[in-house]
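Coordinate-derived values only; no laboratory data. Because the structure is a prediction, the values reported are computed rather than measured. Here Cβ is always computed from backbone atoms with ideal geometry, including for glycine, and neighbour counts include all displayed protein chains.
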Amino acid sequence: MLKLEHGGSPYGARLVTDQPYHQGELICTITGHHIVSQATYQTVQISANLHIEELGVLAYLNHSCQPNTIIDTTALTITAARDIVAGEELTFFYPSTEWEMDRPFICLCGAPQCVRLVAGAKYLSIDTLARYFINQHIRDLAIAALDQSVSHEHVLERQSV
């Protein structure tokens, strides 16, 4: 069971589990949401142009650069990225679902591989994204951005000849 806790965190409310989970175990299925086209700080991006809102307590899943859960936006599930003990805060890597965040912020997670500025996958290198589970829509957007960048470089090279 998941419970919402206020305090005990530098960023306010947090979602904590009262039971342990093993890596790969299903924590919950995302249901009861609405699909919207506009991102907010409480939505989760599920495709290039769509987001889900009204997530209940799941809206309090905080970010970590060393997350213990994975949100799969195709299956609409949350699974354990590693073993999780009872009483642990549940976190996920926001850029795994978000291309460009509605409210970027400075990360305080303290992980050795912390990305520092959490603004969305658009602002991270392919090398950084490769360290994480990334949803298909984020992969597609990253590849499209890379293709556009390479095409732009070819145009510039031709102009300088």
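A compact table of results
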{"quantity": "Derived scalar couplings ³J(HN,Hα) [the range 17-30; Karplus, 6.51 cos²θ - 1.76 cosθ + 1.60; whole Hz; x for Gly, Pro]", "calculated": "9, 9, 9, x, 9, 8, 3, x, 6, 5, 8, 6, 9, 7"}
{"quantity": "Residue with peak Gaussian network fluctuation, the chain [Cα springs, cutoff 10 Å], from Gly120, Gly56, Gly12", "calculated": "Gly12"}
{"quantity": "Calculated from backbone phi, Karplus (6.51, -1.76, 1.60) coupling profile of the range 101-114 in Hz, x at Gly/Pro", "calculated": "6, 5, 9, x, 8, 7, 6, 10, 5, x, 5, x, 9, 3"}
{"quantity": "MRE, 222 nm, helices only [DSSP H, n ≥ 4, -39500 (n - 2.57), over the chain, to nearest 500]", "calculated": "-6000 deg cm²/dmol"}
{"quantity": "Summed residue charge, Cβ within 14 Å of Ala119's Cβ, Lys/Arg positive, Asp/Glu negative", "calculated": "0"}
{"quantity": "Gain in span if fully extended, Arg131 to Ala144, counting 0.36 nm per residue against the direct Cα distance", "calculated": "2.7 nm"}
{"quantity": "Protection proxy ranking of 14-26, 68-80, 91-103 - average other beta-carbon atoms within 10 Å, highest first", "calculated": "91-103, 68-80, 14-26"}
{"quantity": "Farthest toward positive dipole pole in the chain [+1 Lys/Arg, -1 Asp/Glu at C-beta], among Thr69, Gly120, Ile134", "calculated": "Gly120"}
{"quantity": "The chain - share of DSSP beta bridges that are antiparallel (%, nearest 5)", "calculated": "90 percent"}
{"quantity": "Global geometry of the range 50-127, whether rounded, prolate or oblate, following the gyration tensor of its Cα atoms and the 1.5 cut on a/c", "calculated": "oblate"}
{"quantity": "Per residue convex hull volume, Cα atoms of the chain, in Å³", "calculated": "121 Å³"}
